[in-house]
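A short write-up of the structure that comes next.
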Amino acid sequence: MNRLPEKINAAHGFKPLINQTFIMGAIYFLGYGSAGTWLGFFNLFLQHHGFSGQEVGLIMGAQQALLFFTVLFWGFLADRFGNKKMLALVSFLAIFLIRLIPAQHSFSAMLFMMIAWALVSHPIGTLADSLVVSQVKNSGKSSFAAIRVWGSVGWAVANLAIGFFLKSHAVSDIFLIAFACYFIHFLVILFGVRKQKNGRQQTKPAWGELRILLRNKRLILFLSILLLYGICVTPINLFINLYFKELGGGYQIVGLAFGLNALAEIPLFFLAIPLVKRFGPLRVIIFSMFITLLRLAAYGRLQNPTSALYLSLLNGFSFSIFWVATVEYLHAIVPQEWRATGQALLWAFHLGAGLTLGNIVVGSLSDSIGMRAVMTLAAGLVLLVLFLLVLYFLQYEAETVRES
């Protein structure tokens, strides 16, 4: 039924009424916006319901651990059956699971629910990335960074709005808003995304390609460094809400922190590609990590939540240029036909294994030494990661790929 308008448009040379670049931006806006309605406040929700810092860390760590496997699994399916189908499926499942999360009150029940949530939520980001990369490569229009920026806009708008919303509503009400946002996200994917050329990239299981990629020493060394870096950035990515609470900030301050984090990403997404072209992706990644080192060290020294908010303005350097440069570098050293699996490996190592270990460690340390001390420790670990990345850069400098 949906194919008839496409056939008519093709026959008469008409362009689709809705540009696919707009649709891709909407997918990012709604996907990250949906997560922004609740994820930035979830640790506070758990603490409000009596969960300890260690339990919060274990709950977040356990669901994060599954990212390593789930994004690979869904990446294989996307390479086999197409990104749109898989993205629509996981978005559909997320609609139902998000309503069940606030109904869990025991540690074991919440742990089980978040594991179930991880199975369907983790692939949303990596499948969207792969879908957009394919769209950009096939159409030659726009760029990954110019489209991905709408995820930051969605995350910023959602967090800022929810921060004010919680001044007069119960924290559990955020899940009703999240439900509505995920539902709209699903509809946009289902009805807005057209089938891409070469949507089915493979005709056999992708386990063989994974073994080949994992034998790539250069790739594994790079991913291992990103794993360690994932531990480093856990305090500012997932526990910044507890940090501001420790300093005396309320829901509105937390919402502002997450909102400013995302708003600061926007201009840097547009600057990222020119920086990568001029200096090369590895140099840009090194610079990004250095800014994160300074940011973490500053968080460890500040005691006023309002002053700490200004550090959110550095998030564009910590995340935007880091992510764009990392994606560009990864796609340069992974064969084109395996990009979805390569992107899944990035998520698996950095956001999966790295943030899993980070959640467990930071959750436990927050109970014993507090979040300010955790920030300082994380800054020290970034220094070690920077040293390893510089060694990696010196070894592969001649092979560093720059976008032409």
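Values in this text are rule-based calculations from the coordinates and carry no lab data. Every value quoted in this text rests on a predicted model; they were computed, and no experiment measured them. Please note: Cβ atoms are built from the backbone with ideal geometry, for glycine as well, and neighbour counts cover all protein chains shown.
Tabulated results
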| item | result |
| --- | --- |
| Top positive-direction residue, dipole computed over segment 18-399 with Cβ charges, set Q135, Q64, L242 | Q135 |
| Label-point separation, Q104 to F191 (7 Å along Cα→Cβ), nm | 3.2 |
| Cα Rg over Rh - segment 45-150, Kirkwood | 1.07 |
| Translational diffusion of the chain, µm² s⁻¹ [Kirkwood Rh, Cα pairs; Stokes-Einstein; 25 °C; 0.890 mPa s] | 114 |
| J(HN,Hα) series, segment 168-181, from Karplus relation 6.51 cos²θ - 1.76 cosθ + 1.60, nearest Hz, glycine and proline x | 10, 9, 6, 5, 5, 5, 5, 6, 5, 5, 4, 4, 5, 5 |
| Spatial separation of Cα centroids for segment 58-108 and segment 268-345, in angstrom | 25 |
| Extension reserve of the S52-L394 stretch, reckoned as 0.36 nm per residue once the Cα distance is removed | 118.7 nm |
| Charge dipole (debye, nearest 20) of segment 269-404; +1 at Cβ of Lys and Arg, -1 at Cβ of Asp and Glu | 340 |
| The chain, relative contact order [Cα under 8 Å, separation at least 6], % | 28 |
| Ordering of 124-131, 366-373 by burial proxy (mean other Cβ atoms within 10 Å per residue, highest first) | 124-131, 366-373 |
| Ordering of 262-274, 345-357 by packing [mean C-beta count within 10 Å, highest first] | 345-357, 262-274 |
| Check: the chain dipole with +1 on Lys, Arg Cβ and -1 on Asp, Glu Cβ, in debye | 1160 |
| Total lysine pairs under 12 Å (Cα atoms) in the chain, excluding pairs fewer than 8 apart on one chain | 5 |
| Summed side-chain charge close to A379 - residues other than A379 whose Cβ falls under 13 Å, Lys, Arg +1, Asp, Glu -1 | +3 |
| Inter-probe distance in nm under a simple model that places probes 7 Å from Cα toward Cβ, at S139 and Y310 | 4.1 |
